[in-house]
Amino acid sequence: MNELEASLVLRAGAELLQGASADPRSDEGYEAVRVNVSAALNAVADALQNFEAATRHRNRSMGWCQDLRRVADDVAEQ
């Protein structure tokens, strides 16, 4: 799987989660959902950092990575 294909899986998963959250049963297993979303946000931050390492603009998305990690921490702590 290449980066584009992986990003499409990520997008599709986010859209599925958005749809599932509209279901009245959305608070079932919410603790596990938060843990999974937090881990996913940290993985996205790592992926952005990896992509940046291969470019001339290595610090361009450093702020985004930090923001994603802060949100991931907040989601996990709720």
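The values are calculated or read from the model by the stated rules, or taken from the named source; none is laboratory data. These numbers were taken from a predicted model, which means no experiment stands behind them. Neighbour counts run over all protein chains shown; Cβ positions are idealised from the backbone, glycine included.
Being small (G, A, S), at pLDDT below 90 and loosely packed, with under 10 Cβ neighbours inside 10 Å narrows it down to one of A20, A32, so name that one.
On the way: A20 fails: loosely packed, with under 10 Cβ neighbours inside 10 Å.
Step by step, each of A20, A32 is checked, and only A32 is small (G, A, S), at pLDDT below 90 and loosely packed, with under 10 Cβ neighbours inside 10 Å.
Condition first: among the polar types (S, T, N, Q), surrounded by 13 or more Cβ atoms within 10 Å (Cβ to Cβ) and modelled with pLDDT of 85 or more. Now tell me which residues in the stretch 39-78 satisfy that. I'd like the intermediate steps shown before the answer.
First pass over the stretch 39-78, keeping only residues among the polar types (S, T, N, Q): 42, 49-50, 55, 59, 61, 66, 78.
Imposing the further condition that a residue be surrounded by 13 or more Cβ atoms within 10 Å (Cβ to Cβ) reduces the set to 42, 49, 61.
Scanning the stretch 39-78 gives N42, Q49.
For the stretch 14-26, indicate whether the set of residues that are assigned to a helix (DSSP H, G or I), under 11 Å from the mean Cα position of the chain (by Cα) and in contact (Cβ under 8 Å) with a residue 24 or more places away in the chain is non-empty.
no
Counting only residues that are in a helix (DSSP H, G or I) and either under 21 Å from E3 (Cα atoms) or touching a Gly at 6+ places or on another chain (Cβ under 9 Å) (or both), how many does the stretch 34-62 have?
Residues meeting the conditions: 19.
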